[in-house]
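The values are calculated or read from the model by the stated rules, or taken from the named source; none is laboratory data. The shown structure was predicted, so the numbers you read here are calculated from the model rather than taken from an experiment. Cβ placement follows ideal geometry from the backbone for every residue including glycine, while neighbour counts extend to all protein chains displayed. What goes into the accessible areas is simple: the full protein's heavy atoms, side chains included, and nothing from ligands, DNA or RNA. Shrake-Rupley method; radii C 1.70, N 1.55, O 1.52, S 1.80 Å.
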Amino acid sequence: GKISSYNTSVLQFTDIGYHSYYIDYLGWAVDNQLIEGYGDGLFGPDDSVTREQMGKMIFDFLALMEQQLPAEGELDFADSAAISDWAVEGILACTQNGVISGYPDQTFRPDQEATRAQVAAIIERISRLLNGETLIEEETAPAEQESAQPDTAEAGAAEQESAQPDTTEADAAQ
């Protein structure tokens with residue numbers, strides 16, 4: 001379906017073009033509390049999306065679609081302390097439910113940009129969740145699902161995509 005018109009919440013951003021192709025998508029995402037700006041009226045439409053931002057947006061989107069991801073415990077990545085407080089719940093739920101994975105060295109790399117290949121794999125997983133599939137069996141820990149690349153479904157595509165521009169927040173809002 002078509003994205004309906006947004007309300008005035010998108011008008012808080014001073015760094016976006018109000019006639020840009022992404023304005024309706026951004027407005028919808030902001031209105032549904034899926035994405036926020038940086039504060040001081042800035043959104044950063046051309047900024048890349050970090051892995052922690054992506055985890056939070058995906059978690060919030062799935063909740064909007066009434067797809068609750070059960071999660072318990074704490075993050076156990078070697079770099080868990082580097083994950084922002086506002087992203088912890090989303091990353092915990094997404095990793096424990098097989099939507100996003102960490103790296104083989106037991107890191108999440110929250111500030112690393114999400115690759116287009118990672119985003120493609122995650123969108124496919126979201127589609128499966130929304131169609132009622134379970135991504136991880138209860139007995140299987142998320143770390144056991146990992147191999148040489150994060151989000152392993154895109155391992156081969158990651159190298160091919162390296163020359164492509166990274167996913168920006170405007171792309172992610174589309």
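Couple of notes before you dig in:
- Two-decimal log10 I(q)/I(0) for region 54-109, as the Debye equation yields it once each C-alpha is a single scatterer, q = 0.15, 0.18, 0.22, 0.26 Å⁻¹: -0.37, -0.54, -0.79, -1.07
- Accessible carbon and sulfur surface of region 17-89 relative to its total accessible area, %, 1.4 Å: 48
- Of the trypsin sites (Lys or Arg not before Pro) in region 1-92, those whose Cβ has at most 15 other Cβ within 10 Å and which sit in DSSP loop: Lys2
- Distance from region 18-61 to region 77-122 (C-alpha centre basis), Å: 18
- Accessible area, probe 1.4 Å, largest first, for residues Thr95, Thr115: Thr115, Thr95
- Ile16 accessible area, 1.4 Å probe, all protein chains in place, Å² to nearest 10: 10
- The stretch between Asp47 and Gln33, if pulled fully straight at 0.36 nm per residue, gains 3.2 nm over its current Cα-Cα span.
- Contour minus Cα-Cα distance for Ser84 and Asp105 (0.36 nm per residue): 5.6 nm
- Accessible area of Thr14 in the full protein assembly, 1.4 Å probe (Å², nearest 10): 110
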